[in-house]
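Worksheet: one structure, shown below.
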Amino acid sequence: MTYEITAGFVPLLDSAILVAAREKGFAEKNSIALSLVRERSWASIRDRLAVSHFNVAHILGPMPIAFNLGLDPLSPKMIVPMALGLGGNAVTVSAKLWRAMAGQGAMANLDAYNNGQALRGVIAAKPSDPPRFGVVHPYSGHNYELRYWLAASGIDPDRDIEILVLPPPDMGDALAEGLIDGYCAGEPWNTYGVLNRGAHLATTKAAIWKSSPEKVLGVNAGWAEAHPEALSALIVALEEASRWCGRAENHAELADILSRPAYVGRDSALLLPALTGLLPVGGGDIRAVQDFFVPQAKAATFPWKSHALWFYTQMVRWGQIEHSLSHQQIAAETYRPDLYRNVLKAQGVVMPSASAKVEGALTVETPVGSSGTLSLGPDGFFDGGLFDPDAVGDYIAAQAKHLA
Amino acid sequence: MKSSSLTVLVIDENRIRASIIEEGLREGGYDQVRIIDDMHGLARRIAEINPDVIVIDLENPNRDMLESFFQISRAIQRPIAMFVDKSDEASIEAAVDAGVSAYIVDGLKQERVRPILKMAISRFNAFSRLSRELDETRGELENRKIIDRAKGLLMRSRGLSEEAAYALLRKAAMNQNRKIVEIAQSLVTAASLLDPGASE
């Protein structure tokens, strides 16, 4: 019995687990004929999920929640039984904006607090000329982490700067042409901006919120219900692929596979930095960023309900939806750690016993579970914020006050 | 046909397909058709054209940007909504299959847009059919060239007649369960490796 599964993906570094599942034989080993279809927009991914061209997709973590909340006119019912890694994004700024930030004390160590204050200084010095930042999608980790960083740095993302949506491959060029002054995107587009368009990294997703959620496996809920065995096989294959992606000795080969035209289609030199965590930050400087992109360690594929709920609080914060208990419930139920656990427990995969955690509570890497082979975190927000998934309403109320 | 006052914007990087859509719209009585085939400064140009309806190819990477206008209407005067006729699932599927998507200015009656989408779907399908046929024709021509070259090689090196050379290729193909053109291609490649001047 072979399971035919068609998956959509966008040519980004964090499609790695899906690509490795196919190219390194993990899909085949689990009786899956996995077709990977490359798309150039998240809108296309959504449309093809909606008409069942795709069974599953590499997708932005908040998108399946937005669909289930009916925020898009075409809203396929989705579940998220697995994440596809943690972190992987950065905030990149133009050479000009970086010079201005450096004048306000910005440092090449990518410190989110320090460089946020520097950006605030630049904006305060010239309020008539607000910088423009690009993000990849309104319902994206990029949009929310950029806004979180700005707001916690005393910058109102809706008043003090302008945020617009651009396709990630266009960001570096838009920056060089002066259409935007900065962007928050995934890889390889920050490295591309720095190496090919004279840009500078300002900070990273890992610095704004350590071990934070990014892409997930979005699954068409109707398909999942009708094909539970195929979905289980896929989760096993992807978990095995994530372990392969996590091993340092495989990074060069992974970069090589991803560089093929059928996948990311960019030079492997642009793909390696995110895997090794050695990032060119600008001006020839290279910095080691701990946990820049985590494909497997620290339960990186576990679909935490607290991640889903944090995304939901940001949808409320930025006016995309009104808060209500039923909305909150829809968001929480989109992520399915129960499915992940049921399937992978049988495989002997070590995993957290809880389905949600207080985000930001772990300031250091902490061993969990009885076997001692799994550790989590640190998972702190750069401003010391804590998100308790049992107190969503309080968190929303507090951040609303902060904005005003 | 009575002409419509709606301004229709066609966004398509494929200039030929864009003009095929434009022609269809004009025939359908839509006089105000504009085309954008260069994605540079797209947001600003949409704002300038201020369309009632946007027809865009599904694969266009700028659709996420376009859809962000659902939320942030600061960039354009009137908010845009996706055209989805929920009562008609078949047409959603037909549009995605054909590779086209449509957006309307919020508040515009869906009935007024349905014929535009229908027309776009049929023109997109006609266009893919045409390109497929063109590809096939091109492929056949290319194949014939390769087979001719392989025949030439055999005729020269083994002193065969044209028919005998072709028969030999066909036999090899049958024996190896491959296409004649694949055998011919291997032969041409091998010959060019052995003697860089031979395959020319």
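The values are calculated or read from the model by the stated rules, or taken from the named source; none is laboratory data. Bear in mind that the values here come from a model prediction, so they are computed numbers and not experimental data. Cβ sites come from the backbone with ideal geometry, for glycine too, and all protein chains shown count toward neighbours.
Descriptive notes on the structure:
- Test set (1) of a type in the set (Ser, Thr, Tyr); (2) within 14 Å of chain B (Cβ to nearest Cβ); (3) assigned to a strand (DSSP E or B) - residue A:52 fails condition number: (3)
- For residue A:226, the criteria (1) more than 30 Å from residue A:118 (Cβ to Cβ); (2) small (Gly, Ala, Ser); (3) buried (at least 22 other Cβ atoms within 10 Å of the Cβ) hold in every case but one, which is (3).
- Tabulated pairs, the range B:132-145, first without any contact (Cβ under 8 Å) to a residue 24 or more places away in the chain, second outside any helix (DSSP H, G or I) and surrounded by 11 or more Cβ atoms within 10 Å (Cβ to Cβ), C-beta under 6 angstrom, 6+ apart or interchain: none
- Only residues that are assigned to a helix (DSSP H, G or I) and either within 14 Å of another protein chain (Cβ to nearest Cβ) or farther than 23 Å from residue A:86 by Cβ (or both) were counted in the range A:120-145, giving 9.
- Residue among A:154, A:193, A:198 that is surrounded by fewer than 24 Cβ atoms within 10 Å (Cβ to Cβ), touching a Leu at 6+ places or on another chain (Cβ under 9 Å) and in the same structural domain as residue A:106 (by TED's automatic domain parsing): A:198
- Taken together, the criteria place residue A:235 among residues that are touching a Leu at 6+ places or on another chain (Cβ under 7 Å), of a type in the set (Val, Ile, Thr), farther than 25 Å from residue B:62 by Cβ and assigned to a helix (DSSP H, G or I).
- The residues listed here are A:68, A:55; of these, the one that is polar (S, T, N, Q), under 16 Å from residue A:139 (Cα atoms) and at pLDDT 95 or above is A:68.
- Subset of the range B:1-41 [surrounded by fewer than 19 Cβ atoms within 10 Å (Cβ to Cβ) and assigned to a strand (DSSP E or B)]: B:4, B:5, B:7, B:31, B:32, B:34, B:35
- Selection status of residue A:153, at negative phi, more than 24 Å from the chain's Cα centre (by Cα) and away from chain B (no Cβ under 14 Å): no
- Out of A:36, A:74, sole residue that is over 21 Å from the mean Cα position of the chain (by Cα) and either more than 18 Å from residue A:139 (Cα to Cα) or without any contact (Cβ under 8 Å) to a residue 60 or more places away in the chain (or both): A:74
- Those residues of the range A:147-171 which are within 20 Å of residue B:70 (Cα to Cα) and either acidic (Asp, Glu) or not in a loop (DSSP other than H, G, I, E, B) (or both), in sequence order: A:147, A:158, A:162, A:163, A:164, A:165, A:168
- Residue count for the range A:241-258, restricted to those that are over 20 Å from the mean Cα position of the chain (by Cα) and polar (S, T, N, Q): 1
- Qualifying residue in the range A:321-339 (condition: closer than 21 Å to residue A:368 by Cα, assigned to a helix (DSSP H, G or I), at pLDDT 95 or above and of a type in the set (A, V, I, L, M, F, W, C)): yes
- Test: residue in the range B:165-176 that is free of Cβ contacts under 8 Å to residues at least 60 places away in the same chain and under 30 Å from residue B:53 (Cα atoms): no
- Some residue of the range A:181-191 being away from chain B (no Cβ under 14 Å), part of a loop (DSSP other than H, G, I, E, B) and either under 21 Å from residue A:13 (Cα atoms) or touching a His at 6+ places or on another chain (Cβ under 7 Å) (or both): yes
- Residue A:254 assigned to a helix (DSSP H, G or I) and at pLDDT 95 or above: yes
- Residue match in the range B:86-98 (condition: touching a strand residue (DSSP E or B) at 6+ places or on another chain (Cβ under 6 Å), within 14 Å of another protein chain (Cβ to nearest Cβ) and among the acidic types (Asp, Glu)): no
- Put simply, of B:81, B:102 the only residue that is modelled with pLDDT under 85 and part of a strand (DSSP E or B) is B:81.
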